[in-house]
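Dropping a structure here in structure tokens format, bear with me for questions.
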Amino acid sequence: MKILVTGGAGFIGSNFIYQQLAYHNDEIVCLDLLTYAGNLSTLDKAAKDNRFKFIKGDIADREFIYGLFAVEKPDIVVNFAAESHVDRSIKMPEIFLQTNIIGTSVLMDACRKYGIKRYHQVSTDEVYGDLPLDRPDLFFTENTPVHASSPYSASKASADLLVQAYYRTYGLPVTISRCSNNYGPYHFPEKLIPLMIINALNDKKLPVYGKGANVRDWLYVEDHCKAIDLIIRKGRSGEIYNIGGHNEKTNLQVVKIILRELNKPESLIDFVTDRPGHDRRYAIDPAKIHMQLGWLPETNFESGIKKTIKWYLENKTWWEEIINGAYKDYYQRMYEKR
Ligand code: NAD
Ligand code: TDX
């Protein structure tokens with residue numbers, strides 16, 4: 001079988017590729033535009049495997065995508081390619097619409113034209129909006145209405161609606177997964193956990209938005225990838241699967257854990273202006289994927305964060321190259337006057 005993995009040079013896509021190569025004997029074609037978030041060096045080890053091939057290109061470029069499908073004829077498409085950072089979407093929404101919505105429709109049109117066994121859309125719990133902080137009894141289920149808050153989540157929700165429309169109208173075999181916040185190796189340093197680890201290692205301030213009271217439901221990236229693996233091989237076409245491991249933490253709790261693990265003082269914490277429209281709490285009910293596909297998370301937050309910190313300590317070159325490049329301007333623009 002041949003699997004086309006789009007966005008495989010990013011955080012979750014690269015972890016998915018390594019897991020697929022370790023557990024299965026399928027061919028993997030990785031398509032990635034190598035935006036600021038894509039990093040070819042992340043795939044260095046995969047490139048040594050003759051079942052793996054990398055192609056640079058844009059999922060929203062129709063002519064290019066049709067040409068690629070005509071040659072590669074993938075059996076399964078797993079679409080990780082996206083603009084993924086909420087803060088960037090607030091400053092620059094257009095590219096989110098282009099990649100996340102148009103890109104998804106182009107990929108699915110290619111699937112219709114050339115035929116595939118399964119198109120899988122990697123979506124997010126953010127499409128459900130947020131939950132109040134004082135109702136810990138509430139969780140997102142697959143039946144929770146879509147209610148996006150940021151241009152990022154609105155673009156992901158729009159893509160999900162298109163995926164469902166292609167299933168209903170054209171009978172395209174599709175699945176959608178909606179996962180909570182991931183963390184682990186190869187996470188781009190603009191996101192909370194890697195940003196805080198790297199700033200703490202460099203004795204820089206840790207910018208916590210608002211009071212740090214917002215809650216995220218953290219899942220170790222390998223658990224997310226295992227869930228997607230089950231869905232593409234055993235999941236039912238037309239279905240949505242929520243993925244999450246009941247690992248809720250406030251941002252302040254996460255930052256304090258990181259400081260404690262690195263033996264750094266809490267005086268590094270800097271409370272800065274809040275994110276506009278900041279979602280208060282995400283919390284996934286993963287009962288469906290557990291009951292139907294037998295998925296359960298294997299890594300709890302306490303061991304996952306230790307593994308993650310160890311990875312950032314042992315892979316300094318990977319992130320130093322990033323933070324010494326265009327990331328510097330990004331950081332200044334995003335945090336200077338906050
Ligand atoms: P990421 O930003 O680390 O990686 C995205 C990858 O997509 C990069 O390699 C980038 O070069 C590539 N890409 C961007 N635009 C492209 C285009 N037009 N054509 C081809 N490639 C393009 O993102 P991530 O955190 O790995 O997220 C992957 C997917 O998972 C996204 O769809 C995201 O919405 C979803 N998701 C992420 C999380 C999370 O916590 N990170 C949680 C749930 C869902
Ligand atoms: O500097 C920061 N300070 C801070 O307090 C950053 C970057 C974030 N935060 C807060 C905002 C959020 O409440 O930390 C929380 C996590 O922020 P992000 O890492 O930006 O993630 P989030 O906005 O929750 O979105 C993530 O989870 C769902 C991913 O980036 C999305 O791609 C995914 O869909």
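Computed from the coordinates by the stated procedures, all read-outs in this text should not be read as laboratory data. Owing to the predicted nature of the structure, the values given are computational and were not obtained by experimental measurement. Glycine also receives a Cβ, built like all others from the backbone with ideal geometry; neighbour counts cover every protein chain displayed.
For ASP109, which of the numbered conditions (1) within 14 Å of ligand 1 (Cβ to nearest atom); (2) of a type outside the set (S, T, N, Q); (3) in contact with a helix residue (DSSP H, G or I) (Cβ under 8 Å, 6 or more places away or on another chain) fails to hold?
Checking ASP109 against (1) within 14 Å of ligand 1 (Cβ to nearest atom); (2) of a type outside the set (S, T, N, Q); (3) in contact with a helix residue (DSSP H, G or I) (Cβ under 8 Å, 6 or more places away or on another chain), the one that fails is (1).
Quick one: in the stretch 156-186, which of the residues that are of a type in the set (Phe, Trp, Tyr) and within 15 Å of ligand 1 (Cβ to nearest atom) is farthest from LYS249 (Cα to Cα)?
TYR186
Looking only at residues that are more than 10 Å from ligand 1 (Cβ to nearest atom) and in a loop (DSSP other than H, G, I, E, B) in the stretch 63-90, which one is farthest from SER150 (Cα to Cα)?
Here the answer is LYS73.
While we're on this one: Can you work out which of the residues in the stretch 11-25 that are part of a helix (DSSP H, G or I), away from ligand 1 (no atom under 13 Å from the Cβ) and not aromatic (Phe, Trp, Tyr) is nearest to PRO185 (Cα to Cα)?
Checked the stretch 11-25; the qualifying residue nearest to PRO185 (Cα to Cα) is GLN19.
Considering only residues of the stretch 14-38 that are within 16 Å of ligand 2 (Cβ to nearest atom) and surrounded by fewer than 24 Cβ atoms within 10 Å (Cβ to Cβ), which is farthest from ARG51 (Cα to Cα)?
Out of the qualifying residues, it is TYR36.
Please state which one of ALA60, ALA37 is part of a loop (DSSP other than H, G, I, E, B), under 22 Å from ARG88 (Cβ atoms) and touching a residue at least 60 places away in the same chain (Cβ under 8 Å).
Unique residue meeting the criteria: ALA37.
Filter the stretch 246-279 down to the residues that are surrounded by fewer than 18 Cβ atoms within 10 Å (Cβ to Cβ), away from ligand 2 (no atom under 12 Å from the Cβ) and over 15 Å from LEU206 (Cβ atoms) and list them by number.
The one that is surrounded by fewer than 18 Cβ atoms within 10 Å (Cβ to Cβ), away from ligand 2 (no atom under 12 Å from the Cβ) and over 15 Å from LEU206 (Cβ atoms): HIS246.
Still on this model: Hey, can you tell me all the residues within the stretch 256-302 that are among the acidic types (Asp, Glu) and either more than 23 Å from ALA213 (Cα to Cα) or assigned to a strand (DSSP E or B) (or both)?
Once the filter is applied, which keeps residues that are among the acidic types (Asp, Glu) and either more than 23 Å from ALA213 (Cα to Cα) or assigned to a strand (DSSP E or B) (or both), the stretch 256-302 yields ASP270, GLU298.
I'd like to check something: does the stretch 265-277 contain any residue that is within 30 Å of GLY235 (Cβ to Cβ) and under 20 Å from the mean Cα position of the chain (by Cα)?
no
Any idea which of (1) basic (Lys, Arg); (2) in contact with a Leu (Cβ under 8 Å, 6 or more places away or on another chain); (3) surrounded by 20 or more Cβ atoms within 10 Å (Cβ to Cβ) is the one LYS211 doesn't satisfy?
(3)
State whether the residues of the stretch 166-188 include one that is surrounded by fewer than 20 Cβ atoms within 10 Å (Cβ to Cβ) and within 16 Å of ligand 2 (Cβ to nearest atom).
Yes, the stretch 166-188 has at least one match.
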